[in-house]
Amino acid sequence: MVDREGKFRTPLQSFTPTPRPPDGVPPFVRHGSIRSLRVADQAAYFGDGFLHNNIF
C-alpha cells in the first residue's frame, strides 16, 4: 500500500498498485545481451535469467 501527499496532485491514501505479484514474489526477469558480459554479471547478481545472442 502507498500513502503519498504531494503538491501538484490529490493525495493517495492506502493505494494498492495493480497488478501485484502473486504471494509477494516478484516476477522472473530475463536479461538479454549480444556482446556485453556485464549483463550476465547483473543477471547473476540478482539471480535472474540470462539470454544471449551468439552472433559473433
For a label point 7 Å from the Cα of residue 25 along Cα→C-beta, name the residues of region 38-54 whose backbone N is under 14 Å from it. none
Accessible area in square angstrom per residue, the chain, 1.4 angstrom probe: 97 Å²
Take the chain, mark every one of the trypsin sites (Lys or Arg not before Pro) that falls in a DSSP loop and has at most 12 other Cβ within 10 Å, then report the longest stretch left between them, sites excluded. 10-34
Share of carbon and sulfur in the accessible heavy-atom surface of the chain [1.4 Å probe, %]: 55 percent
I need the fraction of alpha carbon pairs in the chain separated by more than 16 Å, rounded to a whole percent. 63 percent
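The values are calculated or read from the model by the stated rules, or taken from the named source; none is laboratory data. What you are looking at is a predicted structure, and each value in this text was computed from that prediction instead of being measured. Here Cβ is always computed from backbone atoms with ideal geometry, including for glycine, and neighbour counts include all displayed protein chains. The accessibility values were calculated without ligands, DNA or RNA, using every heavy atom of the protein model including side chains. Shrake-Rupley method; radii C 1.70, N 1.55, O 1.52, S 1.80 Å.
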